[in-house]
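These notes concern the structure reproduced below.
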Amino acid sequence: MGVINLQKVGFTYGEQWLFKDISVQITEGDFVAVIGPNGAGKSTLLRLIANIYPPTAGHVYLFGQPITAFKDWQKIGYVPQNPARQQKSFPITVREVIALGCLRANSLWSTLTKTDKQAIDAVLTEFDLQPLAERRIGDLSGGQQQKVFLAKALVKKPQLLLLDEPATGIDSQTKVELYERLAILNKAGCTVVMISHDLELTARVASSALCVDRGVCFYGKAQAVLKHQNKKHTDYYQGQVQ
């Protein structure tokens, strides 16, 4: 079944289909770049996989289970687009943000265990965030915030990482470092599904490409789209790089 299996998945806003009949299987250890024009439904598709939205049609499977029956959410890390916007003025520290990644499903008030605290300290060190651990998230730069939310998603060492434009709002050097870090995580066995508009940089790390525009336009080897080896799809997406 693969890590993710979408079977004829569709989603509507009101009476209008955003996309439909999406059937894709993503295998363990893959690094999938999700690309396409603005408004094509890329973020919505990621939210369906993260069980934030239910599909209007079709079925979503995670690790071989129907998403409605899936319980092991600590296998999955999810970083939405611009996650710090909602917490810019909220008095929460970097350490506390990362600690949220240790919460058990349906257990908002659970106490952190010794193992949780060790994992938080380890990921703070891994991402060079120890000096910022007691700073408020809203006081950090865009690049620092992205590192914090990536650390939150990774604190429990997920097997699947879902990323919605993780490089938004960060400088070029930080972006390169972020993508290199993702490549290392992927090589260590983490399956990555990432929405990105930076096709050139994405081509260095992604192994597969999923082109979405009201359905699947292309799904296969990343180089076919991202390295201009498939002229039809290259011409279509060339104007989408931001």
*Highest-first arrangement of 165-175, 180-190, where packing means the average Cβ count within 10 Å*: 165-175, 180-190
*asked:* Can you order the peptides 118-128, 191-201, 7-17 by their average number of other Cβ atoms within 10 Å per residue, highest first?
replied: 191-201, 118-128, 7-17
*asked:* Could you tell me the center-to-center distance, by alpha carbons, between segment 127-146 and segment 157-221 in angstrom?
replied: 22 Å
*Sticking with the crude label model, points 7 Å out along Cα→Cβ, report the distance from Thr56 to Gln74 in nm, one decimal please.*
3.7 nm
*From the phi of every residue in segment 90-101, what ³J(HN,Hα) in whole Hz does the Karplus formula 6.51 cos²θ - 1.76 cosθ + 1.60 yield, where θ is phi - 60° and glycine or proline is x?*
7, x, 10, 8, 4, 4, 5, 4, 5, 4, 4, x
*Return the ratio Rg/(2.2 N^0.38 Å) for the chain, where Rg is computed over Cα atoms only.*
1.01
*Given the peptides 34-41, 59-66, arrange them by the average over their residues of other C-beta atoms within 10 Å, most packed first.*
34-41, 59-66
*Would you mind working out the accessible area per residue for the chain, using a 1.4 Å probe, and quoting it in Å²?*
51 Å²
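Once a ≥ b ≥ c are taken as the square roots of the eigenvalues of the Cα gyration tensor of segment 117-184, is the result rounded (a/c under 1.5), prolate (a/b larger than b/c) or oblate (a/b not larger than b/c)?
Oblate is the answer for segment 117-184, as a/c is 1.5 or above yet b/c matches or exceeds a/b.
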_Cα long-axis angle, helix 172-187 against the chain (0 to 90 degrees, to the nearest 10)_ = 80 degrees
*With label points built 7 Å along Cα→Cβ from the Cα atoms of Gln25 and Ala188, find their separation and express it in nm.*
2.9 nm
*Cysteines without a disulfide-compatible partner [the chain; Cβ-Cβ under 4.7 Å]*: Cys102, Cys190
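Does segment 5-73 come out rounded, prolate or oblate by the C-alpha gyration tensor, with a ≥ b ≥ c the root eigenvalues, rounded set by a/c under 1.5 and, if not, prolate when a/b is larger than b/c and oblate if not?
Judged from the Cα gyration tensor, segment 5-73 comes out oblate (a/c at least 1.5, b/c at or above a/b).
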*Non-local amide H neighbours of Ile4 (under 5 Å, H modeled in plane, Pro and chain starts lacking H): which ones?*
Ile26, Phe63
*Amide hydrogen neighbours beyond the local backbone of Tyr78, cut-off 5 Å, H modeled*: Leu162
*Quick one: Karplus J couplings for segment 138-144, per residue in order, coefficients 6.51, -1.76, 1.60, θ = phi - 60°, nearest Hz, x for Gly and Pro?*
x, 8, 8, 6, x, x, 5
*For the chain, what does -39500 (n - 2.57) per DSSP helix run (n ≥ 4), summed and divided by total residues, give at 222 nm, in deg cm²/dmol to the nearest 500?*
-8500 deg cm²/dmol
_For a quick check: with amide H placed at 1.01 Å from N, whose amide H comes under 5 Å from Asp30's, ignoring anything fewer than 5 positions away on the same chain?_
Val192
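The values are calculated or read from the model by the stated rules, or taken from the named source; none is laboratory data. Since the structure is predicted, the reported quantities are computational estimates derived from the model, not experimental observations. Virtual Cβ from ideal backbone geometry, glycine too; neighbours counted across all protein chains shown. Surface accessibility is based on the protein's heavy atoms, side chains included, excluding ligands, DNA and RNA. Shrake-Rupley method; radii C 1.70, N 1.55, O 1.52, S 1.80 Å.
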